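Beneath this line is the structure, given in structure tokens, with notes to follow.
Derivation of every value follows stated rules applied to the coordinates shown; laboratory data play no part. Keep in mind the model is a prediction, meaning the values are calculated, not measured. For neighbour counting, all protein chains shown are included, and Cβ atoms are generated from backbone atoms with ideal geometry for every residue, glycine included.
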């Protein structure tokens, strides 16, 4: 009598291919998630730095204690090695001793995209 050889209990080729397809889809989704997270972190960093630029501009106007002239001024300021373009608009208010200041900070890569806007009021001291 010929002894029976037990059959292997391994995976079939179809099962292996299905498993690989599932792993590939999961890895693609994870890669996309990491890419979105990285973009979000960079956007957040730019917004925080733009906020510093806007607050610096407003603080400088307040610290000078000079009566801000009506009009628009523009410039650049560097934060963390990134140059941000800013624009400050000073507007008269109904009260003669107050001026409204609006500071806009643009995205360094796209000047049409505003990252931060800060609005404040400066008073004239006598």
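Observations
- Considering only 73, 12, 38, the Gaussian network model of the chain with Cα springs below 10 Å gives its largest mean-square fluctuation to 12.
- Fluctuation leader among 22, 82, 70 - the chain, Gaussian network, Cα springs under 10 angstrom: 22
- The stretch between residue 23 and residue 55, if pulled fully straight at 0.36 nm per residue, gains 6.7 nm over its current Cα-Cα span.
- Binned Cα-Cα distance frequencies in the chain - 5 Å width, integer %: 2, 9, 14, 13, 9, 8, 7, 5, 4, 4, 4, 4, 3, 3, 3, 2, 2, 1, 1, 1, 1, 0, 0, 0
- Averaging the sequence gap over all C-alpha pairs within less than 8 Å and six or more residues apart, then dividing by the number of residues, gives region 51-118 a relative contact order of 29 percent.
- Annotation: for a label point projected 7 angstrom from Cα along Cα→Cβ of residue 102, residues of region 51-73 with backbone N closer than 17 Å are 54-55, 58, 69-73.
- Sequence-distant contacts, meaning Cα pairs under 8 Å at least 6 residues apart, place the relative contact order of the chain at 20 percent.
- Folded to 0 to 90 degrees: helix 13-64 orientation relative to the chain principal axis, Cα: 10 degrees
- Using a Gaussian network model of the chain in which every pair of alpha carbons under 10 angstrom is joined by a spring, one finds that among 107, 39, 83 the greatest mean-square fluctuation is at 39.
- Computed extension length for residue 11-residue 30: 4.2 nm, one decimal, from 0.36 nm per residue of separation with the Cα-Cα distance subtracted.
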